[in-house]
2 protein chains.
Amino acid sequence: MAGRETKEAFVTLATNDTYSLGCLVLEKSLRKVGTTRQLVVMVTSGVSEPMRNQLTRVFDLVQEVNLLDSKDPMNLMLLGRPDLNVTFTKLHCWRLTQFDKAVFLDADTLVIQNIDELFDREELSAAPDAGWPDCFNSGVFVFKPSQKTYESLLSFAITKGSFDGGDQGLLNLYFKDWSTKDIARHLPFVFNVVSQAFYSYLPAFKQFRQNVKIVHFIGATKPWHHTYNTTLGKVTALPGTGHDSEFLQMWWDIFMETVQPFLDSSLGGLVGEL
Amino acid sequence: MAGRETKEAFVTLATNDTYSLGCLVLEKSLRKVGTTRQLVVMVTSGVSEPMRNQLTRVFDLVQEVNLLDSKDPMNLMLLGRPDLNVTFTKLHCWRLTQFDKAVFLDADTLVIQNIDELFDREELSAAPDAGWPDCFNSGVFVFKPSQKTYESLLSFAITKGSFDGGDQGLLNLYFKDWSTKDIARHLPFVFNVVSQAFYSYLPAFKQFRQNVKIVHFIGATKPWHHTYNTTLGKVTALPGTGHDSEFLQMWWDIFMETVQPFLDSSLGGLVGEL
Ligand SMILES: O=c1ccn([C@@H]2O[C@H](COP(=O)(O)OP(=O)(O)O)[C@@H](O)[C@H]2O)c(=O)[nH]1
Ligand SMILES: O=c1ccn([C@@H]2O[C@H](COP(=O)(O)OP(=O)(O)O)[C@@H](O)[C@H]2O)c(=O)[nH]1
Ligand SMILES: [Mn+2]
Ligand SMILES: [Mn+2]
């Protein structure tokens, strides 16, 4: 175990202040379950200065990632494919080579139970996607940072593209033997329980609910979009999102108790309104 | 390969005349892709005499299954649990011990490409359920008929029950290491593409569509519930079911060309109306 605390990291990503709120709640949820690993957030220029300060206060590392960084050898190829920009942003996690192993977590995930055991898995480990379960969901995955893999992923993206236009379609094509090769690369679904699972097979959700380790609020509606009553301290889920109200309340409890009080009053938009 | 043609079988089930229509279409879809294996349908007393005649004409074996058969040693235990009756009906497939290996197929499945390779898999092989992918979907599974397994499943059902009240919850508890033990027991999702996958991750569906081998019309609405225009020869999918119109049309083409013309005019209900 020696050194694992500093050589292994959880990594998330925000390209703007709104997703940064998700990162802040995710960070708190990880601390709450007593993780011993490093917490890293990757940010792009879309994240404001006051928000960066806030992220710096709580994350172990705030890593600026910049697609148009002139030191990036893939720069030229990228210029011709602006459509792949968001996809490429997540790929930057492979450049965090100061870590031996890492776990990427989307900013719309919430950790419910300690998940440090994920670092015993190898690249690329991920949970099945509930929509098409021979694909893995790319909101939670174990990987090994490597400049070589990063460059290989970039050229793959440029030549082969992504079948869904996002990182999930790209990563599933690149790590294409995930569904057939090794069951150890299949994270149990409780490590990435997507919101649609809350209703599409309800008896299973009830049966395995107490084992849920990570909740993932996929889709257009995110936890921060729901209505929150400050007097009652209760969230009211927007209709039709399928979000589980108990997990949603957990997200908001963390947000209101440990994130919102520290937000800079100069933050605008959704952040400023809260 | 010697003997596999007679010692291996596809097995389906109908407890009434309506589900029998599904069995008839399924049978034709299997013949069409040139299966070399035996085709078996299990029926209960709810299937009418004319429908049995029709099934006998096309299946290699029509096997009567009767829960309250006095020869069944589990009879007494069953009498106290009428709620598990439908679940138990599917379990009868394990009693087809004249076969070395078998593949169970729900009556609401449609075979698109030859699937005889399934007999190279071991018990219990099945594809992930799209709702909760650490469970397998019990609409398509490879198994080894065995009186011992049948009895073991029955006593398990009586003591442990099923977390969803159906055979899927029961079989997933019984074969509980499916999700963690051996990737070879994971059938590719193309062997059981459920209707919800048609829309929940559309880019994946498009990407893998040409590989689809079995379509499974899960849920309350079945292919036979949709509206069919006999003049145009076209099916119109009911709204909100998510059923793919191309696969639905394939089901109806088989039904109208090779099943409907042979139905006995004395058949009532949904069957009679067509
Ligand atoms: O405008 C965006 C969109 C996405 N993301 C990051 O990319 C991840 C994947 O996007 P999202 O979670 O919205 O996709 P979904 O899980 O709903 O498919 C997010 O969690 C964020 O970490 C971001 O920072 N800004
Ligand atoms: O009233 C019924 C219900 C089910 N079945 C059989 O049990 C299978 C499983 O039920 P169904 O396909 O309706 O469940 P779903 O796949 O929608 O969960 C059917 O395909 C039939 O083979 C039947 O014969 N009669
Ligand atoms: Mn996400
Ligand atoms: Mn079915």
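Here are a few things to note about the model shown:
- Only one of the numbered conditions (1) assigned to a loop (DSSP other than H, G, I, E, B); (2) crowded, with 23+ Cβ neighbours inside 10 Å; (3) not aromatic (Phe, Trp, Tyr) is violated by B:Ala157, and that is (1).
- Take the conditions (1) within 11 Å of another protein chain (Cβ to nearest Cβ); (2) surrounded by fewer than 17 Cβ atoms within 10 Å (Cβ to Cβ); B:Val190 misses just one of them, which is (2).
- Yes/no for A:Ser146 being of a type outside the set (D, E, K, R) and surrounded by 19 or more Cβ atoms within 10 Å (Cβ to Cβ): no
- Residues located in the range B:142-170, provided they are in contact with a Cys (Cβ under 9 Å, 6 or more places away or on another chain) and more than 8 Å from chain A (Cβ to nearest Cβ): B:Phe143, B:Pro145, B:Tyr150, B:Gln168
- Checking each residue in the range A:193-207 for being within 8 Å of chain B (Cβ to nearest Cβ) and either of a type in the set (A, V, I, L, M) or in contact with a His (Cβ under 8 Å, 6 or more places away or on another chain) (or both) picks out A:Ala197, A:Ala204.
- Residue match in the range A:52-72 (condition: open to solvent by less than 20 Å² (accessible area, probe 1.4 Å) and modelled with pLDDT under 95): yes
- Restricting attention to the range B:243-262, the residues being surrounded by 17 or more Cβ atoms within 10 Å (Cβ to Cβ) and either in contact (Cβ under 8 Å) with a residue 60 or more places away in the chain or within 20 Å of B:His216 (Cβ to Cβ) (or both) number 12.
- Being away from every other protein chain (no Cβ under 11 Å) and of a type outside the set (Asp, Glu) is a description that applies to A:Gln210.
- Pick from the range A:199-223, criterion within 16 Å of ligand 1 (Cβ to nearest atom) and closer than 16 Å to A:Val111 by Cα, ranking: most open to solvent (accessible area, probe 1.4 Å): A:Ile218
- Failed item, numbered, when B:Glu5 is tested on (1) farther than 22 Å from B:Pro261 by Cβ; (2) open to solvent by less than 20 Å² (accessible area, probe 1.4 Å): (2)
- Single residue of the range A:1-26 satisfying the filter (part of a helix (DSSP H, G or I) and away from ligand 3 (no atom under 16 Å from the Cβ)) that is farthest from the other protein chains (Cβ to nearest Cβ): A:Thr6
- Test for A:Glu151: is it at pLDDT below 95, more than 16 Å from ligand 1 (Cβ to nearest atom) and among the acidic types (Asp, Glu): yes
- Candidate set: the range B:16-25, residues that are surrounded by fewer than 24 Cβ atoms within 10 Å (Cβ to Cβ) and within 17 Å of B:Phe217 (Cβ to Cβ); chosen: the one farthest from ligand 2 (Cβ to nearest atom): B:Thr18
- Pairs linking a residue in the range A:13-25 that is among the polar types (S, T, N, Q) to a residue that is open to solvent by less than 40 Å² (accessible area, probe 1.4 Å) and within 13 Å of ligand 3 (Cβ to nearest atom), with Cβ atoms under 6 Å and 6 or more positions apart or on different chains, are A:Ser20/A:Ala14.
- The C-beta contact set for the range A:192-208 (first residue free of Cβ contacts under 8 Å to residues at least 60 places away in the same chain, second residue among the small types (Gly, Ala, Ser) and in a helix (DSSP H, G or I), distance under 7 angstrom, 6+ apart or interchain) comprises A:Pro203/B:Gly169; A:Phe205/A:Ala197.
- First in the range B:93-107 and touching a residue at least 40 places away in the same chain (Cβ under 8 Å), second anywhere and part of a helix (DSSP H, G or I) and among the small types (Gly, Ala, Ser), Cβ under 7 Å, 6 or more apart: B:Ala107/B:Gly22
- With respect to the conditions (1) at pLDDT 95 or above; (2) farther than 18 Å from B:Phe191 by Cβ; (3) more than 16 Å from ligand 4 (Cβ to nearest atom), B:Met42 lacks only one, and its number is (3).
- A:Gly169 being open to solvent by less than 30 Å² (accessible area, probe 1.4 Å) and more than 21 Å from the chain's Cα centre (by Cα): no
- Members of the range B:217-245 found to be away from chain A (no Cβ under 13 Å) and under 29 Å from A:Leu171 (Cα atoms), listed by number: B:His243, B:Asp244
- B:Lys181 open to solvent by 20 Å² or more (accessible area, probe 1.4 Å) and at the interface with chain A (Cβ under 7 Å from one of its Cβ atoms): yes
- Scope the range B:73-88; condition within 14 Å of ligand 4 (Cβ to nearest atom) and either modelled with pLDDT of 95 or more or open to solvent by 10 Å² or more (accessible area, probe 1.4 Å) (or both); matching residues: B:Val86
The values are calculated or read from the model by the stated rules, or taken from the named source; none is laboratory data. Fair warning: this is a prediction, and the values are worked out from it, not measured in the lab. Neighbour counts are summed over all protein chains in view; Cβ atoms, including those assigned to glycine, are modelled from backbone coordinates with ideal geometry. Just the protein is used for accessible areas: all its heavy atoms, side chains included, with ligands, DNA and RNA removed. Shrake-Rupley method; radii C 1.70, N 1.55, O 1.52, S 1.80 Å.
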